[in-house]
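The values are calculated or read from the model by the stated rules, or taken from the named source; none is laboratory data. Just so it is clear, the model here is predicted, and its values are computed rather than measured. So basically every Cβ, Gly included, is an ideal-geometry build from the backbone, and we count neighbours across all protein chains shown. These accessible areas exclude ligands, DNA and RNA; they are computed on the full protein's heavy atoms, side chains included. Shrake-Rupley method; radii C 1.70, N 1.55, O 1.52, S 1.80 Å.
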Amino acid sequence: MHIWFTENQTEDVSLGLRIQSVLWKETTAFQELVVADTLAYGRMLTLDGAVQTTIGDEFVYHEMITHVPLSLHPNPKKVAVIGGGDGGAIREILKHPTVEEAHLIEIDDKVVETAKRFFPEISGSLDDDKAFVHYTDGIQWVKEATNFDVIIVDSTDPVGPAQGLFTPEFYQSIYQALGEHGIMVAQSESPFLQPHLIQRVFQGVSSAFPMTRLYLASVPTYPSGLWSFTLGAKGDVTTQIRPELFDLATRYWTPQIQHSCFALPKFVQELVR
Ligand code: AG3
């Protein structure tokens, strides 16, 4: 059987994955949600036709969006994820022994429901005592939040429900919601296919935070496979990795990658200069 899923990543580029079966399809109040089993990467979740997560490569994205900012903070206790309804970022946050509360702010409860049903290995930590799920708009939520140590923006692409998560005003509100050594990170798409978006996010975060850095990781099912994350910090960050982090149970992140992911190819450096 040759059934193919195709994501049209841009007008000129698409990704094709051979599908074994489609398990779920639903139009929620916000987006179209599909779960399918792919041959190459295992089970996959898509929203509005865009790959959000696959069992085969989700660890890269979830570890990198989480362990990089949490390692730079001296003592992360209170952490929030905006978006990220599959729960993968929460799973990684809860691996940190200092963390007391991990809040998930997801606009679409159907994403969480579907993740719990079809992706237990990703969503399982949402039932942890330290995990708190809020079904609300992240833009409003962040305006009232205070004293967070790390805020992670695990959004979809900047079209549809996530548009407001890519604005300087939103980064300003995140700044206000963070405590003294606060750090934010946002997924910021691909340097090959969305260079202007990286520039926009970098400028937006720089307008709110005194320190802004871009880092990269390889996520094969996302457009071009090379993915970026933009980090903003309120103050100086620790570059020495705390001893307890040397034994984090990870498959991509290592203490060496913590340092090397900030080393940017020249064409990417030029984007954020
Ligand atoms: N959020 C980032 C998905 C962006 C992928 N874009 C695309 N396929 N066009 C992923 C959510 C995982 N928790």
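Please determine, by comparing only the residues of the stretch 1-14 that are away from the ligand (no atom under 15 Å from the Cβ) and in contact with a strand residue (DSSP E or B) (Cβ under 7 Å, 6 or more places away or on another chain), which one is farthest from P161 (Cα to Cα).
My answer is H2.
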* Structure fact -> The condition from (1) within 24 Å of K25 (Cβ to Cβ); (2) in a helix (DSSP H, G or I) that V133 misses is numbered (2)
* Given (1) among the hydrophobic types (A, V, I, L, M, F, W, C); (2) closer than 23 Å to D157 by Cα; (3) under 19 Å from the mean Cα position of the chain (by Cα), where does L264 come up short, assuming only one miss? -> (3)
* Structure fact -> Every listed condition ((1) under 18 Å from D108 (Cβ atoms); (2) within 15 Å of the chain's Cα centre (by Cα)) holds for I93 save (1)
* Determine, yes or no, whether L94 is open to solvent by 10 Å² or more (accessible area, probe 1.4 Å) and either within 16 Å of the ligand (Cβ to nearest atom) or outside the structural domain of P158 (by TED's automatic domain parsing) (or both). => yes
* **The lone exception for T250 - which of (1) surrounded by 17 or more Cβ atoms within 10 Å (Cβ to Cβ); (2) touching a strand residue (DSSP E or B) at 6+ places or on another chain (Cβ under 6 Å) it fails** => (2)
* Check I174, I183, I152 and return the single one that is crowded, with 17+ Cβ neighbours inside 10 Å and assigned to a helix (DSSP H, G or I). => I174
* **the stretch 186-209: number of residues that are more than 12 Å from the ligand (Cβ to nearest atom), open to solvent by less than 20 Å² (accessible area, probe 1.4 Å) and in a loop (DSSP other than H, G, I, E, B)** => 2
* Any idea which of D154, D128 is outside the structural domain of T27 (by TED's automatic domain parsing), within 12 Å of the ligand (Cβ to nearest atom) and of a type in the set (D, E)? -> D154
* Picking from L33, L47, L17, which residue would you name as being open to solvent by less than 20 Å² (accessible area, probe 1.4 Å), within 16 Å of the ligand (Cβ to nearest atom), over 19 Å from the mean Cα position of the chain (by Cα) and modelled with pLDDT of 95 or more? -> L17
